[in-house]
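Peer 1: Mind looking over this structure? Questions follow.
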Amino acid sequence: MCLDVGEKRIGVAVSDPLGITAQGIDVLQRKGIKKDLQQIRSYVDEYQASELILGLPLNMDGTKGEKAQEILRLQAYLAKRLPVPVKTWDERLTTVVAEKVLLDGDVTRAKRKKVIDKLAAVLILESYLQFKRSSV
């Protein structure tokens, strides 16, 4: 399972049991860390996730800015409270790619806002799954 965590929304994607494909399943509205944890935990349970991947927004030069530090703090928080490993994965440019895909698909601005986080989570998860397959 993968999360694209933003300030207002969290995009959620899951893979099939074989780790071949990624599907976006939801965009959660952020409601505070405890309520966010409840929502995330319910998806971990429902989809029987074996690990949780958080998109890590590194700077273009690979350094960790404030947003990346926030994700690392969230990773530590979730790792203590969820029954699965919580990992991070470089998400540079995934939102830009997601926006381009939606623009190319002629998706309206209002609809893009609703699905871009979910699509970004899919792209992050696909990248992670591809890495795992090539590492075997």
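The values are calculated or read from the model by the stated rules, or taken from the named source; none is laboratory data. For clarity, every value in this text was computed on a predicted model and none was experimentally measured. Neighbour counts run over all protein chains shown; Cβ positions are idealised from the backbone, glycine included.
Peer 1: Of all residues in segment 39-85, which are closer than 24 Å to residue 25 by Cα, exposed (fewer than 14 other Cβ atoms within 10 Å of the Cβ) and polar (S, T, N, Q)?
Peer 2: 42, 48, 50
Peer 1: Pairs under 8 Å by beta carbon, first residue over 16 Å from residue 25 (Cβ atoms) in segment 124-136, partner part of a helix (DSSP H, G or I), six or more apart or different chains?
Peer 2: 127/94
Peer 1: Another question, then. Among the residues of segment 86-118 satisfying the criterion of being surrounded by 15 or more Cβ atoms within 10 Å (Cβ to Cβ) and at pLDDT 85 or above, which is nearest to residue 13 (Cα to Cα)?
Peer 2: Result: 118.
Peer 1: Could I ask something else about it? Any residue in segment 34-46 that is farther than 16 Å from residue 2 by Cβ sitting within a Cβ distance under 9 Å of a residue that is surrounded by 15 or more Cβ atoms within 10 Å (Cβ to Cβ) and of a type in the set (A, V, I, L, M, F, W, C)? List the pairs, counting only those 6 or more apart or interchain.
Peer 2: Final answer for the pair search is 37/78; 37/82.
Peer 1: All but one of (1) modelled with pLDDT of 95 or more; (2) over 16 Å from residue 1 (Cα atoms); (3) not hydrophobic (A, V, I, L, M, F, W, C) hold for residue 51, so report the exception by its number.
Peer 2: That leaves (2) as the condition not met.
Peer 1: Identify all residues within segment 1-11 that are farther than 14 Å from residue 91 by Cβ and crowded, with 18+ Cβ neighbours inside 10 Å; write none if there are none.
Peer 2: Once the filter is applied, which keeps residues that are farther than 14 Å from residue 91 by Cβ and crowded, with 18+ Cβ neighbours inside 10 Å, segment 1-11 yields 1, 9.
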